[in-house]
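What follows is a single structure, written as structure tokens, with notes after it.
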Amino acid sequence: MPDRRSAIPAWTWIVGAVLVIAIIFFAGYRVVQTQKQLHLVQGQLASTKDEAAQANARIADFQKQTVSLNAELDKANAQRDELQTKLDQATAEIKSTKSQLEDKQSHLEAMQSDLETAKQAADQAKAEAADLKKQVTSLNAALDKANAQSSDLQTKFDEASSEIQTLKSNLEQANAARDELQTELNQAESQGQPPPVVSAPLESGQ
């Protein structure tokens, strides 16, 4: 059999060698590029891992901050609720105080009205007291005059009473003398003798 290698042209071997070399070169280039891309991807992966770790750290910080902010928010809400409660209480107290103030204002106005009425009554009472004082002064003067007149009348009454007593005494003496004379007259008549002559008693003051 003839040799098959001798039957293949030389240029075919050259072309095949060039193709093999090209394939090897291309494969090597691809390997190099792949390795470069692999290193690049590994670097990016490492960078991504670092960024992911940093992001996780930031997320953890954010979570901590969120927890802290939630706690502060709860505290702020509690303070807000407490302040709202205090505000409601203050509002209620303000309303109550305002109502009490209005009541006191009404009471004060009523007292002022009563005071004005009392002042008018006091002024009227003062005027009446002044008139009464004048009347009392006039009555005192009249009473003094009446007392003086009464004293004069008492003196005159005492004098008249004294004169009356004197007259009564004289009358009693005259009655006694009359009774005595009447007795003597009766005795003389019974004995037949003339009646005795008796002079009339002198009046007091003669």
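The values are calculated or read from the model by the stated rules, or taken from the named source; none is laboratory data. None of the values given here were measured: they were computed from a predicted structure. Positions of Cβ are generated from backbone atoms using ideal geometry, with glycine treated the same way; all protein chains shown enter the neighbour counts. Ligands, DNA and RNA are stripped out before the accessible areas are found, and what is left, the full protein with its side chains, is counted by its heavy atoms. Shrake-Rupley method; radii C 1.70, N 1.55, O 1.52, S 1.80 Å.
General remarks:
- MRE, 222 nm, helices only [DSSP H, n ≥ 4, -39500 (n - 2.57), over the chain, to nearest 500]: -34500 deg cm²/dmol
- Projecting label points 7 angstrom from Cα along Cα→Cβ for ILE164 and LEU73 puts them 12.3 nm apart.
- Coupling constants for the stretch 138-143 follow from the phi torsions by the Karplus curve (6.51 cos²θ - 1.76 cosθ + 1.60, θ = phi - 60°), and in residue order they are 5, 5, 4, 5, 5, 5 Hz; glycine and proline get x.
- Positive dipole terminus of the chain, leading residue within ILE24, GLN89, SER169 (C-beta point charges): ILE24
- Projecting the Cα atoms of GLN105, VAL15, THR117 onto the charge dipole of the stretch 1-147, computed from C-beta unit charges around the Cα centre, puts VAL15 farthest toward the positive end.
- Solvent-accessible area per residue in the chain equals 89 Å², computed with a 1.4 angstrom probe and all protein chains kept.
- Positive-pole candidate from PHE157, SER47, PHE62, dipole of the chain, charges at beta carbon: SER47
- Taking the protein heavy atoms of the chain in the context of the full set of protein chains, the accessible area attributed to carbon and sulfur is 59 percent at 1.4 Å.
- Only Lys, Arg (+1) and Asp, Glu (-1) charged, at Cβ; the chain dipole about Cα centre in debye: 4340
- Label selected from (1) 9, 40, 39, 12, 1; (2) 7, 30, 33, 19, 9, 2, 0; (3) 6, 7, 7, 6, 6, 6, 6, 5, 5, 5, 5, 4, 4, 4, 3, 3, 3, 3, 2, 2, 2, 2, 1, 1, 1, 0, the criterion being P(r) over Cα pairs in 10 Å bins from 0, in percent as computed here: (3)
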